[in-house]
Amino acid sequence: MTTEFNIYWLPEPDCRRAVAELRRGGITVTGALLTPCQALKASHGTAIHVPPAIWRDMCSRQGSWYRKSGRAGQHMLVTAAPLPGEFEAFRDAVLSVSGFRPDSLPTDAELHRLVAAPEYRNGKPADWEKVKRWDSWLFKAFFTVTGFWRRGDNLARHWLGHRANHANFLARRFTTEIDGEAVAYSVTENARVCSSCAEFFNVVAPKDRKLVRACPGSVTIGGAQRDVYYDVRPRSPARAAPAGRAQDRAR
């Protein structure tokens, strides 16, 4: 599996030009068919194109993060190697495997305080928390079959984690220091993550560097690694104040 990805966000005309350039260079360009996380299957011989419609299909509620963002209507291209210089302005972030491991993860009490943070309450899309019965059934079936959930697990049990992970990238309550920058990270294990694509592809908090764990969907459908953090580095990241160890920044 490729361990570093270049993430491009482009208007449709520029995306067509970039696809043509890739094909002229001998790179196969395929489209994501089910979910945005399929873009993680990009390799040195294959680039993945994610059109706007994909964010409305299988993961429609989760895709509300894209639809509310400044990315809405744009196309995403993910490549293993950078595109030629004329497309550099569209290269939004670089995603790579990280060796980061937090000393500990927040307690449920801390996660409850995190989802109450105004940055999350005011920043989340309206559709994100509109969970339907179909969601509960699908999560139960899919996560159990793939081994992420154990007997007795259900969406209600993991809903706090689903919200808290996004909340931390907005509210930045739990961070670690990298090169003098306070970097927010996923605050649960993989089983309690949902729609990590919103952070993988720099939709949420696009100016901030992030350390992201994959949701079960990105592991199963996108081929992301389990129990690994991915480092998402925006091309022009906003610098944050220096911080100490991850738990020292929790507040």
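Please determine whether any residue of region 136-146 is farther than 18 Å from Gly217 by Cα and in the same structural domain as Ser218 (by TED's automatic domain parsing). No, region 136-146 has no match at all. Looking across region 14-66 at every residue that is hydrophobic (A, V, I, L, M, F, W, C) and closer than 16 Å to Pro84 by Cβ, the one that is nearest to the chain's Cα centre (by Cα) is identified as Ala47.
Taking the conditions (1) modelled with pLDDT under 95; (2) in contact with a strand residue (DSSP E or B) (Cβ under 9 Å, 6 or more places away or on another chain) in turn, Asp179 satisfies each one other than (2).
Tallying residues that are surrounded by fewer than 18 Cβ atoms within 10 Å (Cβ to Cβ) and modelled with pLDDT under 95 within region 46-60 yields 4.
Within region 1-29, the set of residues being part of a strand (DSSP E or B) and polar (S, T, N, Q) comprises Asn6, Thr28. Scanning region 72-94 for residues that are charged (D, E, K, R) and over 18 Å from the mean Cα position of the chain (by Cα) gives Glu86, Glu88.
Is it the case that some residue within region 56-65 is of a type in the set (Lys, Arg) and more than 21 Å from Glu199 (Cα to Cα)?
The initial filter retains those residues of region 56-65 that are of a type in the set (Lys, Arg), namely 56, 61.
Right, trim to more than 21 Å from Glu199 (Cα to Cα) and you get none.
Looking through region 56-65, none of the residues is of a type in the set (Lys, Arg) and more than 21 Å from Glu199 (Cα to Cα).
Determine, yes or no, whether Glu86 is among the charged types (D, E, K, R) and either assigned to a helix (DSSP H, G or I) or assigned by TED's automatic domain parsing to the domain that holds Thr30 (or both).
Taking the combined requirement at face value, the residue satisfies it.
The residues of region 30-47 that are β-branched (Val, Ile, Thr) and assigned to a strand (DSSP E or B), listed by number, are Thr30, Thr46.
The values are calculated or read from the model by the stated rules, or taken from the named source; none is laboratory data. What you see is a predicted model; the values in this text were computed from it and never measured. Methodologically, a virtual Cβ is constructed for each residue, glycine included, from the backbone with ideal geometry; neighbour enumeration extends over all protein chains shown.
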